[in-house]
Amino acid sequence: MSTEANRAMALRFFELMSALDFKPMFELLSDDAVWTVAGRPETFPQAGPQPKHVRAEMFDAFATVFRSLQFNIVS
């Protein structure tokens, strides 16, 4: 994948995330992707590495809490 194609895909990913359109967002990730959230799992259950399908299931609950979350890519 070219640098420009990679950049376009990353921008599309965050565009979909901002729109809370998670199904096509997760389709951009490979099936063996691992999503890691910073933090200590013993105090923050969402922290740590999780496979794509687990993280995808969590995003529906995430969306209800952060309806106004919007990403602005600046560089």
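For the stretch 55-64, the condition holds for at least one residue, the condition being that it is free of Cβ contacts under 8 Å to residues at least 60 places away in the same chain, of a type in the set (S, T, Y) and open to solvent by 40 Å² or more (accessible area, probe 1.4 Å).
The set of residues in the stretch 22-41 being open to solvent by 70 Å² or more (accessible area, probe 1.4 Å) and within 15 Å of the chain's Cα centre (by Cα) consists of K23, E27, D31, D32, V34, T36, A38.
When we screen D21, D31 for residues that are at pLDDT below 90 and under 17 Å from M9 (Cα atoms), the only hit is D21.
The values are calculated or read from the model by the stated rules, or taken from the named source; none is laboratory data. What you see is a predicted model, and the numbers here were worked out from it, not measured in a lab. Cβ atoms come from the backbone with ideal geometry, glycine included; neighbour counts cover every protein chain shown. Keep in mind that these areas ignore ligands, DNA and RNA; they rest on the heavy atoms of the full protein, side chains included. Shrake-Rupley method; radii C 1.70, N 1.55, O 1.52, S 1.80 Å.
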